[in-house]
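The values are calculated or read from the model by the stated rules, or taken from the named source; none is laboratory data. Here the structure is a predicted model, which is why all the values come from computation and not from measurement. We place every Cβ from the backbone using ideal geometry, glycine too, and count neighbours over all the protein chains shown. With ligands, DNA and RNA removed, areas are computed over all heavy atoms of the protein, side chains included. Shrake-Rupley method; radii C 1.70, N 1.55, O 1.52, S 1.80 Å.
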Amino acid sequence: MERALGILEVRGMTALAAALDSMHKAASVRLGGRHGIGSGWLTVIVEGSTADARTALDAGREAAAAHGEVITAALVPGADSGALEPMPHLGAPLEPRPGLQAIGLLETRGLVPLAAAADAMVKAGAVELHGWAFIGGALVHATVSGSVGAVEAAVRAGEGAARRAGEFHGALVLPQPEAEVGVLLPSIPPGDPRTAAALGIVEATGYAGSVAAVDGMVKGGRVDLARLTIGSGGRVAAIASGSLDEVGAAVAEGARRAGETAELEGQVVISGPDPQVVACFARAGESPGARTLAGRALGLVETRTTAGLVKALDEMLKHADVTYEGRYKVGYFLTACVVRGETGAVDTALEVARHTAGPYGELVAAHAIHLPYQEMEMRLPHG
(Lines give C-alpha, C1' and ligand atoms only; values in the text may rest on other atoms or scores of the structure.)
Protein backbone atom coordinates (compact mmCIF):
# COMPACT_ATOMS: atom_id res chain seq x y z
CA MET A 1 0.00 0.00 0.00
CA GLU A 2 1.37 3.39 -0.97
CA ARG A 3 2.29 5.60 1.97
CA ALA A 4 1.71 9.32 1.97
CA LEU A 5 2.63 12.36 4.00
CA GLY A 6 0.19 14.94 5.23
CA ILE A 7 1.88 18.31 5.83
CA LEU A 8 0.02 21.00 7.73
CA GLU A 9 1.40 24.44 8.48
CA VAL A 10 -0.38 26.86 10.80
CA ARG A 11 0.29 29.97 12.83
CA GLY A 12 0.32 29.49 16.58
CA MET A 13 0.46 26.55 18.96
CA THR A 14 -3.26 26.66 19.73
CA ALA A 15 -4.09 25.92 16.11
CA LEU A 16 -1.38 23.25 15.86
CA ALA A 17 -2.49 21.36 18.98
CA ALA A 18 -6.13 21.37 17.85
CA ALA A 19 -5.09 20.13 14.42
CA LEU A 20 -2.82 17.35 15.65
CA ASP A 21 -5.43 16.01 18.04
CA SER A 22 -8.06 15.99 15.29
CA MET A 23 -5.73 14.34 12.77
CA HIS A 24 -5.02 11.40 15.04
CA LYS A 25 -8.66 10.99 16.02
CA ALA A 26 -9.81 11.07 12.40
CA ALA A 27 -7.47 8.51 10.83
CA SER A 28 -4.79 5.90 11.45
CA VAL A 29 -1.68 7.98 10.94
CA ARG A 30 1.75 8.21 12.54
CA LEU A 31 3.34 11.44 13.69
CA GLY A 32 6.35 12.04 11.47
CA GLY A 33 7.69 15.20 13.07
CA ARG A 34 7.19 18.87 13.73
CA HIS A 35 9.11 22.02 13.02
CA GLY A 36 9.00 25.72 13.85
CA ILE A 37 9.84 28.03 10.97
CA GLY A 38 9.62 31.45 12.61
CA SER A 39 7.11 34.28 12.95
CA GLY A 40 4.81 31.85 14.75
CA TRP A 41 4.57 29.44 11.79
CA LEU A 42 4.55 25.78 12.86
CA THR A 43 4.55 22.61 10.79
CA VAL A 44 3.40 19.10 11.66
CA ILE A 45 3.74 16.03 9.43
CA VAL A 46 1.81 12.77 9.65
CA GLU A 47 2.31 9.56 7.69
CA GLY A 48 -0.14 6.85 6.66
CA SER A 49 -1.93 5.38 3.69
CA THR A 50 -2.94 7.93 1.09
CA ALA A 51 -6.57 7.72 2.19
CA ASP A 52 -5.73 8.06 5.90
CA ALA A 53 -3.27 10.90 5.34
CA ARG A 54 -5.87 12.77 3.25
CA THR A 55 -8.57 12.23 5.89
CA ALA A 56 -6.22 13.36 8.67
CA LEU A 57 -5.13 16.41 6.71
CA ASP A 58 -8.71 17.50 6.07
CA ALA A 59 -9.60 17.09 9.75
CA GLY A 60 -6.48 18.93 10.88
CA ARG A 61 -7.04 21.82 8.50
CA GLU A 62 -10.63 22.25 9.71
CA ALA A 63 -9.63 22.16 13.38
CA ALA A 64 -6.75 24.59 12.87
CA ALA A 65 -8.97 27.04 11.00
CA ALA A 66 -11.42 27.02 13.93
CA HIS A 67 -8.65 27.94 16.39
CA GLY A 68 -6.26 30.06 14.36
CA GLU A 69 -4.70 30.54 10.95
CA VAL A 70 -3.92 27.85 8.38
CA ILE A 71 -0.88 28.69 6.26
CA THR A 72 -0.88 25.68 3.96
CA ALA A 73 -1.79 22.01 3.75
CA ALA A 74 -0.35 19.47 1.34
CA LEU A 75 -0.67 15.75 0.64
CA VAL A 76 2.50 14.08 -0.66
CA PRO A 77 1.81 10.52 -1.87
CA GLY A 78 4.76 8.19 -2.32
CA ALA A 79 7.33 10.62 -0.90
CA ASP A 80 10.90 9.67 -1.76
CA SER A 81 13.02 8.87 1.31
CA GLY A 82 15.99 10.72 -0.18
CA ALA A 83 13.96 13.91 -0.31
CA LEU A 84 12.83 13.50 3.29
CA GLU A 85 16.19 12.83 4.97
CA PRO A 86 17.39 16.46 5.09
CA MET A 87 14.05 17.83 6.25
CA PRO A 88 14.30 19.60 9.68
CA HIS A 89 11.13 18.08 11.10
CA LEU A 90 12.83 14.70 11.43
CA GLY A 91 15.19 16.02 14.10
CA ALA A 92 12.45 17.08 16.52
CA PRO A 93 12.24 14.97 19.71
CA LEU A 94 8.94 13.10 19.88
CA GLU A 95 7.70 12.18 23.35
CA PRO A 96 4.01 11.21 23.32
CA ARG A 97 2.36 11.51 26.74
CA PRO A 98 -0.50 9.06 27.08
CA GLY A 99 -3.09 9.01 29.82
CA LEU A 100 -3.77 12.74 30.29
CA GLN A 101 -7.41 13.45 31.11
CA ALA A 102 -7.34 16.91 29.56
CA ILE A 103 -4.87 19.47 28.28
CA GLY A 104 -5.37 23.22 28.40
CA LEU A 105 -3.27 25.47 26.22
CA LEU A 106 -3.17 29.25 26.42
CA GLU A 107 -1.32 31.47 23.97
CA THR A 108 -0.47 35.16 24.20
CA ARG A 109 1.62 37.75 22.44
CA GLY A 110 4.39 38.44 24.91
CA LEU A 111 5.47 36.93 28.21
CA VAL A 112 3.75 39.43 30.51
CA PRO A 113 0.17 38.27 29.78
CA LEU A 114 1.29 34.63 29.71
CA ALA A 115 2.76 34.77 33.23
CA ALA A 116 -0.40 36.43 34.52
CA ALA A 117 -2.50 33.78 32.79
CA ALA A 118 -0.40 30.89 34.10
CA ASP A 119 -0.77 32.10 37.68
CA ALA A 120 -4.53 32.47 37.25
CA MET A 121 -4.80 28.99 35.73
CA VAL A 122 -3.06 27.13 38.53
CA LYS A 123 -4.98 29.09 41.17
CA ALA A 124 -8.34 28.40 39.52
CA GLY A 125 -8.21 24.62 39.50
CA ALA A 126 -6.26 21.53 40.47
CA VAL A 127 -4.05 21.52 37.39
CA GLU A 128 -0.37 20.90 36.71
CA LEU A 129 1.59 23.56 34.88
CA HIS A 130 3.76 21.98 32.19
CA GLY A 131 5.86 25.04 31.51
CA TRP A 132 5.98 27.63 28.78
CA ALA A 133 7.75 28.09 25.46
CA PHE A 134 8.10 30.70 22.76
CA ILE A 135 6.86 30.03 19.24
CA GLY A 136 7.93 32.98 17.12
CA GLY A 137 6.41 36.28 16.14
CA ALA A 138 6.25 37.23 19.85
CA LEU A 139 3.83 34.33 20.47
CA VAL A 140 4.33 32.28 23.64
CA HIS A 141 2.23 29.55 25.22
CA ALA A 142 1.77 27.60 28.44
CA THR A 143 -0.04 24.32 29.03
CA VAL A 144 -1.77 22.72 31.99
CA SER A 145 -3.23 19.27 32.52
CA GLY A 146 -5.78 17.77 34.88
CA SER A 147 -9.41 16.72 34.92
CA VAL A 148 -11.64 18.14 32.20
CA GLY A 149 -13.54 20.37 34.60
CA ALA A 150 -10.39 21.67 36.29
CA VAL A 151 -8.70 22.43 32.99
CA GLU A 152 -11.78 24.21 31.63
CA ALA A 153 -11.99 26.39 34.75
CA ALA A 154 -8.25 27.07 34.61
CA VAL A 155 -8.28 28.15 30.95
CA ARG A 156 -11.26 30.46 31.50
CA ALA A 157 -9.46 32.14 34.38
CA GLY A 158 -6.24 32.31 32.39
CA GLU A 159 -7.89 33.95 29.40
CA GLY A 160 -9.37 36.67 31.58
CA ALA A 161 -6.02 37.36 33.24
CA ALA A 162 -4.20 37.41 29.89
CA ARG A 163 -6.64 39.92 28.41
CA ARG A 164 -6.22 42.20 31.41
CA ALA A 165 -2.42 42.04 31.30
CA GLY A 166 -1.78 42.24 27.55
CA GLU A 167 -2.62 40.63 24.22
CA PHE A 168 -4.45 37.30 24.27
CA HIS A 169 -3.98 35.12 21.18
CA GLY A 170 -5.87 31.89 21.75
CA ALA A 171 -6.90 29.11 24.14
CA LEU A 172 -7.80 25.47 23.77
CA VAL A 173 -9.11 22.64 25.94
CA LEU A 174 -8.59 19.08 24.68
CA PRO A 175 -10.52 16.41 26.63
CA GLN A 176 -8.95 12.96 26.34
CA PRO A 177 -6.16 14.20 24.08
CA GLU A 178 -4.33 11.85 21.77
CA ALA A 179 -0.96 10.81 23.18
CA GLU A 180 0.86 12.40 20.23
CA VAL A 181 -0.33 15.85 21.30
CA GLY A 182 2.06 15.46 24.22
CA VAL A 183 5.02 16.18 21.92
CA LEU A 184 3.83 19.79 21.81
CA LEU A 185 3.93 20.26 25.59
CA PRO A 186 6.80 22.27 27.09
CA SER A 187 9.04 20.51 29.57
CA ILE A 188 8.03 20.64 33.22
CA PRO A 189 10.48 22.93 35.04
CA PRO A 190 13.17 20.96 36.92
CA GLY A 191 13.52 21.18 40.68
CA ASP A 192 11.04 21.76 43.44
CA PRO A 193 8.53 24.62 43.27
CA ARG A 194 9.55 27.58 45.39
CA THR A 195 7.62 30.40 46.96
CA ALA A 196 7.86 34.16 46.52
CA ALA A 197 5.78 37.00 47.90
CA ALA A 198 5.61 38.62 44.47
CA LEU A 199 6.86 38.17 40.93
CA GLY A 200 7.54 41.10 38.62
CA ILE A 201 8.14 41.13 34.86
CA VAL A 202 9.14 43.96 32.55
CA GLU A 203 9.14 43.17 28.83
CA ALA A 204 10.78 45.28 26.13
CA THR A 205 11.65 44.96 22.47
CA GLY A 206 15.39 44.67 22.04
CA TYR A 207 18.41 43.93 24.17
CA ALA A 208 19.25 47.54 25.05
CA GLY A 209 15.77 48.18 26.41
CA SER A 210 15.78 44.99 28.45
CA VAL A 211 19.19 45.71 30.00
CA ALA A 212 18.01 49.20 30.87
CA ALA A 213 14.95 47.60 32.49
CA VAL A 214 17.11 45.20 34.50
CA ASP A 215 19.31 48.05 35.69
CA GLY A 216 16.23 50.00 36.71
CA MET A 217 14.70 47.03 38.53
CA VAL A 218 17.83 46.34 40.57
CA LYS A 219 18.19 50.00 41.50
CA GLY A 220 14.47 50.57 42.03
CA GLY A 221 13.84 47.84 44.59
CA ARG A 222 15.60 45.19 46.68
CA VAL A 223 14.63 42.21 44.56
CA ASP A 224 16.04 38.88 43.49
CA LEU A 225 16.76 39.29 39.79
CA ALA A 226 15.89 35.85 38.48
CA ARG A 227 16.67 35.97 34.78
CA LEU A 228 16.45 37.62 31.39
CA THR A 229 14.50 35.48 29.00
CA ILE A 230 14.49 35.88 25.25
CA GLY A 231 11.00 35.29 23.94
CA SER A 232 10.46 35.85 20.24
CA GLY A 233 9.70 38.69 17.93
CA GLY A 234 12.64 40.61 19.38
CA ARG A 235 11.19 40.68 22.88
CA VAL A 236 13.18 40.22 26.08
CA ALA A 237 11.67 39.96 29.56
CA ALA A 238 13.35 40.75 32.87
CA ILE A 239 11.97 38.76 35.80
CA ALA A 240 12.44 39.47 39.51
CA SER A 241 10.96 38.27 42.79
CA GLY A 242 10.79 39.63 46.32
CA SER A 243 8.36 41.37 48.64
CA LEU A 244 5.29 42.94 47.05
CA ASP A 245 6.36 46.52 47.77
CA GLU A 246 9.91 46.00 46.53
CA VAL A 247 8.82 44.17 43.38
CA GLY A 248 6.27 46.89 42.66
CA ALA A 249 8.91 49.59 42.98
CA ALA A 250 11.38 47.60 40.87
CA VAL A 251 8.87 47.00 38.08
CA ALA A 252 7.83 50.66 38.01
CA GLU A 253 11.44 51.84 37.66
CA GLY A 254 12.33 49.09 35.21
CA ALA A 255 9.35 49.92 32.99
CA ARG A 256 10.24 53.62 33.08
CA ARG A 257 13.82 52.95 32.05
CA ALA A 258 12.84 50.51 29.31
CA GLY A 259 10.35 53.00 27.87
CA GLU A 260 12.97 55.73 27.78
CA THR A 261 15.53 53.50 26.05
CA ALA A 262 13.49 51.41 23.61
CA GLU A 263 9.94 50.08 23.29
CA LEU A 264 8.19 48.91 26.46
CA GLU A 265 5.90 45.98 25.66
CA GLY A 266 4.37 45.29 29.06
CA GLN A 267 4.78 44.99 32.80
CA VAL A 268 3.10 43.00 35.53
CA VAL A 269 3.32 42.41 39.27
CA ILE A 270 1.90 39.08 40.42
CA SER A 271 1.09 39.04 44.13
CA GLY A 272 1.50 35.69 45.88
CA PRO A 273 2.36 33.70 42.74
CA ASP A 274 1.74 29.98 42.86
CA PRO A 275 4.97 28.02 43.51
CA GLN A 276 4.55 26.29 40.14
CA VAL A 277 4.58 29.68 38.44
CA VAL A 278 7.69 30.82 40.29
CA ALA A 279 9.51 27.62 39.32
CA CYS A 280 8.34 27.96 35.72
CA PHE A 281 9.14 31.61 35.07
CA ALA A 282 11.78 32.57 37.64
CA ARG A 283 14.79 30.37 38.10
CA ALA A 284 16.51 30.79 41.42
CA GLY A 285 18.83 33.78 41.45
CA GLU A 286 21.03 35.50 43.97
CA SER A 287 19.31 36.64 47.13
CA PRO A 288 19.11 40.42 47.41
CA GLY A 289 21.93 41.62 49.58
CA ALA A 290 24.30 44.55 49.60
CA ARG A 291 24.38 46.20 46.19
CA THR A 292 27.85 46.03 44.66
CA LEU A 293 29.04 48.34 41.90
CA ALA A 294 30.57 46.42 39.01
CA GLY A 295 33.02 49.11 38.00
CA ARG A 296 33.28 50.73 34.58
CA ALA A 297 30.30 51.94 32.61
CA LEU A 298 28.43 49.88 30.01
CA GLY A 299 27.43 51.15 26.60
CA LEU A 300 24.83 49.35 24.49
CA VAL A 301 24.19 49.90 20.79
CA GLU A 302 21.39 48.11 18.97
CA THR A 303 20.54 48.13 15.27
CA ARG A 304 18.34 46.29 12.80
CA THR A 305 21.23 45.33 10.52
CA THR A 306 24.54 43.63 11.09
CA ALA A 307 26.24 46.12 8.80
CA GLY A 308 25.06 49.02 10.93
CA LEU A 309 26.25 47.35 14.11
CA VAL A 310 29.69 46.47 12.73
CA LYS A 311 30.18 49.99 11.40
CA ALA A 312 29.12 51.54 14.71
CA LEU A 313 31.40 49.25 16.71
CA ASP A 314 34.38 49.92 14.45
CA GLU A 315 33.97 53.67 14.79
CA MET A 316 33.45 53.47 18.55
CA LEU A 317 36.66 51.52 19.04
CA LYS A 318 38.58 53.96 16.83
CA HIS A 319 37.32 57.16 18.45
CA ALA A 320 36.85 56.30 22.15
CA ASP A 321 38.82 54.50 24.82
CA VAL A 322 36.40 51.61 25.18
CA THR A 323 36.68 47.84 24.84
CA TYR A 324 34.32 45.47 23.11
CA GLU A 325 32.58 43.15 25.57
CA GLY A 326 30.21 41.07 23.47
CA ARG A 327 27.15 41.03 21.26
CA TYR A 328 23.71 39.53 21.38
CA LYS A 329 21.20 38.74 18.65
CA VAL A 330 17.65 39.07 19.93
CA GLY A 331 15.65 38.28 16.80
CA TYR A 332 13.23 40.31 14.73
CA PHE A 333 16.29 41.72 12.87
CA LEU A 334 17.68 43.17 16.12
CA THR A 335 21.33 42.79 17.05
CA ALA A 336 23.25 44.55 19.81
CA CYS A 337 26.81 45.01 21.03
CA VAL A 338 28.21 46.10 24.39
CA VAL A 339 31.29 48.23 25.07
CA ARG A 340 32.97 49.00 28.39
CA GLY A 341 34.95 51.98 29.61
CA GLU A 342 34.99 55.03 31.83
CA THR A 343 31.83 57.13 31.85
CA GLY A 344 33.13 59.84 29.53
CA ALA A 345 34.59 57.34 27.07
CA VAL A 346 31.35 55.36 26.88
CA ASP A 347 29.32 58.53 26.32
CA THR A 348 31.70 59.53 23.52
CA ALA A 349 31.47 56.06 21.96
CA LEU A 350 27.68 56.13 21.95
CA GLU A 351 27.62 59.57 20.36
CA VAL A 352 29.87 58.22 17.60
CA ALA A 353 27.57 55.24 17.15
CA ARG A 354 24.51 57.46 16.79
CA HIS A 355 26.13 59.25 13.85
CA THR A 356 27.61 56.23 12.09
CA ALA A 357 25.07 53.39 12.38
CA GLY A 358 22.17 55.12 10.62
CA PRO A 359 23.47 55.11 7.03
CA TYR A 360 24.04 51.35 7.23
CA GLY A 361 20.80 50.38 8.92
CA GLU A 362 18.27 51.51 11.49
CA LEU A 363 19.71 52.52 14.86
CA VAL A 364 17.29 51.20 17.48
CA ALA A 365 19.00 52.30 20.68
CA ALA A 366 22.25 53.68 22.13
CA HIS A 367 22.19 53.54 25.91
CA ALA A 368 24.74 54.00 28.69
CA ILE A 369 24.67 52.57 32.19
CA HIS A 370 27.16 54.61 34.17
CA LEU A 371 26.95 52.73 37.47
CA PRO A 372 26.15 49.08 36.74
CA TYR A 373 25.56 46.70 39.65
CA GLN A 374 27.05 43.21 39.73
CA GLU A 375 23.59 41.79 40.50
CA MET A 376 22.46 43.06 37.11
CA GLU A 377 25.54 42.05 35.15
CA MET A 378 25.42 38.46 36.42
CA ARG A 379 22.20 37.97 34.45
CA LEU A 380 23.35 39.43 31.11
CA PRO A 381 23.91 36.87 28.33
CA HIS A 382 25.91 38.91 25.83
CA GLY A 383 29.27 37.64 27.06
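As a check on your grasp of the helix formula, calculate [θ] at 222 nm for the chain: sum -39500 (n - 2.57) over DSSP H runs of n ≥ 4, divide by the residue count, round to the nearest 500.
Calculated from helices alone, the mean residue ellipticity at 222 nm is -11500 deg cm²/dmol.
Quick one: 3J(HN,Hα) in Hz for the range 317-333, Karplus 6.51/-1.76/1.60 with θ = phi - 60°, rounded, Gly and Pro as x.
Working through the residues one at a time gives 5, 7, 10, 9, 7, 10, 10, 7, 10, x, 9, 8, 9, 8, x, 6, 6 Hz.
First select every other residue whose beta carbon is under 14 angstrom from the beta carbon of Leu16; then total the charges, Lys and Arg +1, Asp and Glu -1.
My count for the surroundings of Leu16 gives -4.
Which ³J(HN,Hα) values, rounded to whole Hz and listed in residue order, are derived for the range 267-272 from phi using the Karplus coefficients 6.51, -1.76 and 1.60 in 6.51 cos²θ - 1.76 cosθ + 1.60 with θ = phi - 60°, glycine and proline given as x?
Once rounded to whole Hz, the list reads 8, 7, 10, 9, 7, x.
Can you give me the relative contact order of the chain as a percent, contacts being Cα pairs under 8 Å and 6 or more apart?
14
Extending each Cα 7 Å along its Cβ direction at His370 and Ser39, get the distance between those two points in nm, one decimal.
Calculated label separation equals 4.3 nm.
For the full complex of protein chains and a 1.4 angstrom probe, list Ser39, Ser22 by accessible area with the highest value first.
Ser39, Ser22
Points 7 angstrom from Cα along the Cβ direction at Lys329 and Thr305: gap in nanometres?
Taking the simple label geometry, Lys329 and Thr305 are separated by 1.7 nm.
Using a 10 angstrom cutoff on alpha carbons, build the Gaussian network for the chain and name the most mobile of Gly341, Gly248, Gly209.
Among Gly341, Gly248, Gly209, the largest mean-square fluctuation in the Gaussian network model of the chain belongs to Gly341.
Just to confirm the number: angle between the C-alpha axis of helix 244-261 and the first principal axis of the chain, 0 to 90 degrees, nearest 10?
Result, in degrees: 80.
For His355 and Ser28 in the same chain, what is the full-extension length gain: residue separation times 0.36 nm, less their Cα-Cα distance, in nm?
111.5 nm
Rounded, prolate or oblate: which one fits the range 125-200, using the alpha carbon gyration tensor with axes a ≥ b ≥ c (rounded when a/c is under 1.5, else prolate when a/b beats b/c, else oblate)?
Note, shape of the range 125-200 comes out rounded.
Net charge near Ala56: determine it from the other residues with C-beta under 15 Å of the C-beta of Ala56, scoring Lys and Arg +1 and Asp and Glu -1.
-2
Cα atoms only, the chain: Rg and Dmax in Å?
Calculated on Cα positions, Rg and Dmax stand at 22.9, 75 Å.
For the chain, set up a Gaussian network in which alpha carbons nearer than 10 Å are linked by springs, and say which option among Asp52, Asp224, Asp274 fluctuates the most.
Asp52
Using amide H atoms built in the peptide plane, which far-off residues or other-chain residues are under 5 Å from Glu265 H to H?
The list, which skips near neighbours in sequence, is Glu203, Ala204, Thr205.
Pop out the ³J(HN,Hα) list for the range 124-132 in order, Karplus 6.51 cos²θ - 1.76 cosθ + 1.60 with θ = phi - 60°, rounded to Hz; leave Gly and Pro as x.
So the J values, rounded to whole Hz, are 8, x, 7, 10, 9, 8, 8, x, 9.
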